[in-house]
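*Asks:* Take a look at this one; I'll ask things after.
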Amino acid sequence: MADTRVTLNGIVLDNPVIPASGTFGYGYEFAELYDIDCLGSFSFKGTTREPRFGNPTPRIAECTAGMINSVGLQNPGVDKVISEELPRLRACFHKPVVANVSGFSVEEYAETCARLDTCPEIGWLEVNVSCPNVHDGGMAFGTSPEAAAAVTRAVKAVTKKPVWIKLSPNVTDIASIAAACEEAGADGISLINTLLGMRIDLRTRRPVIANKMGGFSGSAIKPVALRMVYQVYEAVQVPVIGMGGVSSAEDVIEMMLAGATAVQVGAANLVNPFACRDIIDDLPRAMEKYGIDKLSDITGGAHNG
Ligand code: SIN
């Protein structure tokens, strides 16, 4: 029988499939559609210390083989996440969950993570230093090794949970940023967040997105994501959580061969809300097709020889 299990920071997942933050709400919204306990885990909506209304609309633009979003980290703030969202989630998801955290200062990242550290349902903290849709925060911390390391150190000081740093592809040398985060104590590196992009309306001759630019995701970015996962795998010892354009069981295998221990699925959930369940159901078939008995054996397989 196909063994789809993988281990992340000592926690065994039934399979490596994790819905990416911002594409799966706080989980319970999708539990109305299917039993989300089939997931390896999931990464909940990016959470900040204070509530955020997000960016003006339009925030979404369709593209060939992808989409642009500029949501701007809309969320109810960490206190409401703990008091309202997590109890709802607890009723329908019975595995450790990934808490995705954003911030506008090193102190804010640390305070939000310290609050989430108290929540037993959270298995990992995924610290997002790569949101392209906000000013004075988000991606600003993920574009220099020093700034990313400073956030990592501050967060590690306030939590015993494993900390992943979610990196931006909008940089020249992602491997050096990943290595700086590992050096500062990161327990995992997740990548890639979205690529900064834009669209222009031919009739108005203005950007489609109110914020002008946004994050491009979807199957079009998969080759970029694979390249960066491959590079980061060679630069760090900690687990790599790969994402970017994954929409099939074959994509999961490809991402793992590049170096991912687990794989996040993002934009595909917005096209097909059953995407993660369908991928998980299809994994044994794809594993048999490519001669894989144990999925965890293939991580980094593309680097051999
Ligand atoms: C957003 O809320 O703007 C998206 C989050 C992200 O890309 O990190």
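*Asks:* Quick one: is Thr261 buried (at least 18 other Cβ atoms within 10 Å of the Cβ) and either modelled with pLDDT of 95 or more or among the small types (Gly, Ala, Ser) (or both)?
*Replies:* When the stated conditions are applied, Thr261 passes them.
*Asks:* Any residue in segment 44-55 that is over 13 Å from Asn133 (Cβ atoms) and in contact (Cβ under 8 Å) with a residue 12 or more places away in the chain sitting within a Cβ distance under 6 Å of a residue that is assigned to a strand (DSSP E or B) and of a type in the set (Val, Ile, Thr)? List the pairs, counting only those 6 or more apart or interchain.
*Replies:* Thr47/Val101
*Asks:* Here's something else I'd like to know. Taking strands (runs of 3 or more DSSP E) that fall entirely within segment 6-114, which contain at least 1 residues that are of a type in the set (Asp, Glu)?
*Replies:* Hits in segment 6-114: 60-63.
*Asks:* Phe53 fails exactly one of the following numbered conditions: (1) farther than 23 Å from Val252 by Cβ; (2) away from the ligand (no atom under 16 Å from the Cβ). What is the number of that condition?
*Replies:* Only one criterion in (1) farther than 23 Å from Val252 by Cβ; (2) away from the ligand (no atom under 16 Å from the Cβ) is unmet by Phe53, namely (2).
*Asks:* For segment 73-91, check the following and say yes or no: at least one residue is of a type in the set (Ser, Thr, Tyr) and within 16 Å of the ligand (Cβ to nearest atom).
*Replies:* Scanning segment 73-91 turns up no residue that is of a type in the set (Ser, Thr, Tyr) and within 16 Å of the ligand (Cβ to nearest atom).
*Asks:* Within segment 123-137, is there a residue that is part of a helix (DSSP H, G or I), more than 19 Å from Val236 (Cα to Cα), touching a residue at least 40 places away in the same chain (Cβ under 8 Å) and away from the ligand (no atom under 12 Å from the Cβ)?
*Replies:* Looking for residues that are part of a helix (DSSP H, G or I), more than 19 Å from Val236 (Cα to Cα), touching a residue at least 40 places away in the same chain (Cβ under 8 Å) and away from the ligand (no atom under 12 Å from the Cβ), one finds none in segment 123-137, hence no.
*Asks:* Quick one: count up the residues across segment 209-248 that are without any contact (Cβ under 8 Å) to a residue 60 or more places away in the chain, surrounded by 20 or more Cβ atoms within 10 Å (Cβ to Cβ), within 15 Å of the ligand (Cβ to nearest atom) and not in a helix (DSSP H, G or I).
*Replies:* 0
*Asks:* Taking Thr143, is it within 25 Å of Ala262 (Cβ to Cβ), within 16 Å of the ligand (Cβ to nearest atom), without any contact (Cβ under 8 Å) to a residue 60 or more places away in the chain and of a type outside the set (A, V, I, L, M, F, W, C)?
*Replies:* Yes; evaluated as a whole, the condition is true for this residue.
The values are calculated or read from the model by the stated rules, or taken from the named source; none is laboratory data. Small disclaimer: the values here were computed from a predicted structure and weren't measured. Cβ: placed from backbone, ideal geometry, glycine included. Neighbour counts: every protein chain shown.
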